[in-house]
């Protein structure tokens, strides 16, 4: 049957418009569905892989939310649009201006300004530190037997790290840097003698800097209590209660420990703090948690 050209094009146009309409409706439905699901915003994470230092916190949070989904409903996790310093994250959270949850070590002032979810995310790892040193200094540090011996060496820290007050309290000399990344090169260049790191942090840091003549010190274990919590705004008690409950459920059923031990750096760090061949050095923690926000 013959169809005029104009009628053909009108029919074709109608079909195209119908397809476009269906696509737009589908997209709108998808957007509405996403918007209908409540969400919380957490700090920007550059890489969602097990090697990233914040991967564990992201996964622990999602695990806690999943464990409480049947009781409280689905809650999506969104990410802040760009990377910020820890100090800036705390400022954003306390002013309720873009972040709903952050994580970090605790202090009296931080717990006054923010609502801490009192569940230590790092378990025993938060109670100890290892030292990052120059390879040439291996024998010097092997001779360290107590905190007085350690005071003969100079530490390197970032200016806003919790270490600052603890080092001052224990009369340990240190050099402060305003940024994290230059610290490793500064160590290699002998600006100071060691960097004190969490037992799970030190391994990926070394892996990423194999070109530098630095190593994990092999004989010492520093007792250094610094619990790591999730923090929310002081007005967000409902979220805090839900997350704590979810973490407790995950701890009880073993799924949180499975996550913890599935990360190579965490597993190795745990093995190192249990190494009885290391010399334990206790730092005085009295009042050390009273820090600036």
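How are the Cα pair distances of the range 109-195 distributed, in percent, across 5 Å bins from 0?
Final binned percentages: 3, 12, 19, 21, 19, 14, 7, 4, 1.
Quick one: if you stick a label point 7 Å off each Cα along the C-beta vector at residue 87 and residue 140, how many nm between them?
2.9
Helix 237-253 against the longest principal axis of the chain: what's the angle in degrees, Cα atoms only, rounded to the nearest 10?
70
Going by a ≥ b ≥ c, the root eigenvalues of the Cα gyration tensor, does the range 39-185 fall in the rounded group (a/c under 1.5), the prolate group (a/b larger than b/c) or the oblate group?
prolate
Looking at the chain as a GNM with Cα springs under 10 Å, which of 64, 223, 159 has the largest mean-square fluctuation?
Taking springs between Cα atoms under 10 Å, the residue moving most is 159.
For labels at residue 77 and residue 123 in the simple 7 Å Cα→Cβ model, what's the distance in nm?
Taking the simple label geometry, residue 77 and residue 123 are separated by 1.8 nm.
Taking the highest mean first, how do the peptides 56-62, 277-283 order by number of other beta carbon atoms within 10 angstrom per residue?
Going by the mean number of other Cβ atoms within 10 Å, highest first, we get 56-62, 277-283.
Expressed in nm to one decimal, what extension gain is obtained for the pair residue 237 and residue 282 from 0.36 nm per residue of sequence separation less their Cα-Cα distance?
Once the chain is fully extended between residue 237 and residue 282, it gains 12.7 nm.
Provide, in order from the shortest bin, the percent of all Cα-Cα pairs of the chain in each 5 Å bin, continuing until the bin that contains the maximum pair distance.
Each 5 Å bin holds this share of Cα pairs: 1, 5, 10, 13, 15, 14, 11, 8, 5, 4, 3, 2, 2, 2, 2, 1, 1, 1, 0, 0, 0.
Taking the chain as a Gaussian network, where each spring joins two C-alpha atoms under 10 Å apart, which residue of 55, 194, 229 fluctuates the most?
Looking only at 55, 194, 229, the biggest GNM fluctuation is shown by 55.
Just the projected area, averaged over all directions, of the convex hull on the alpha carbon atoms of the range 220-285: how many nm²?
Projected over every direction and averaged, the Cα hull of the range 220-285 covers 6.3 nm².
Can you tell me the length gained on complete extension of the stretch residue 225 to residue 169, counting 0.36 nm per residue apart and subtracting the Cα distance?
18.8 nm
Above 14 Å lies some portion of the pair distances; for the range 174-243, what is it as a whole percent of all C-alpha pairs?
Taking all Cα-Cα pairs of the range 174-243, the fraction more than 14 Å apart is 70 percent.
Round to the nearest 10 and give me the degree value, 0 to 90, for the angle of helix 264-273's Cα axis relative to the longest principal axis of the chain.
That works out to roughly 20 degrees.
Obtain the nm distance between the two label points defined at residue 47 and residue 149 by a simple spin-label model: each point lies 7 Å from its Cα along the Cα-to-C-beta direction.
Here the answer is 3.6 nm between the modelled labels.
How long is the gain from residue 39 to residue 258 if the chain were fully straight, where each residue apart is worth 0.36 nm and the alpha carbon distance is subtracted?
Extending this stretch completely gives an extra 76.3 nm.
Going by alpha carbons, how many degrees (0 to 90, nearest 10) lie between the helix axis of 5-36 and the longest principal axis of the chain?
Between the helix axis and the principal axis of the chain, the angle is about 40 degrees.
Mind telling me which of 173, 38, 227 comes out most flexible in a GNM of the chain, alpha-carbon contacts under 10 Å?
Of 173, 38, 227, the Gaussian network model singles out 38 as fluctuating most.
Arranged by the count of other C-beta atoms within 10 angstrom, fewest first, what order do 233, 48, 72 take?
48, 72, 233
Coordinate-derived values only; no laboratory data. Fair warning: this is a prediction, and the values are worked out from it, not measured in the lab. Here the Cβ is made from the backbone with ideal geometry for all residues, glycine too, and neighbour counts use every protein chain on show.
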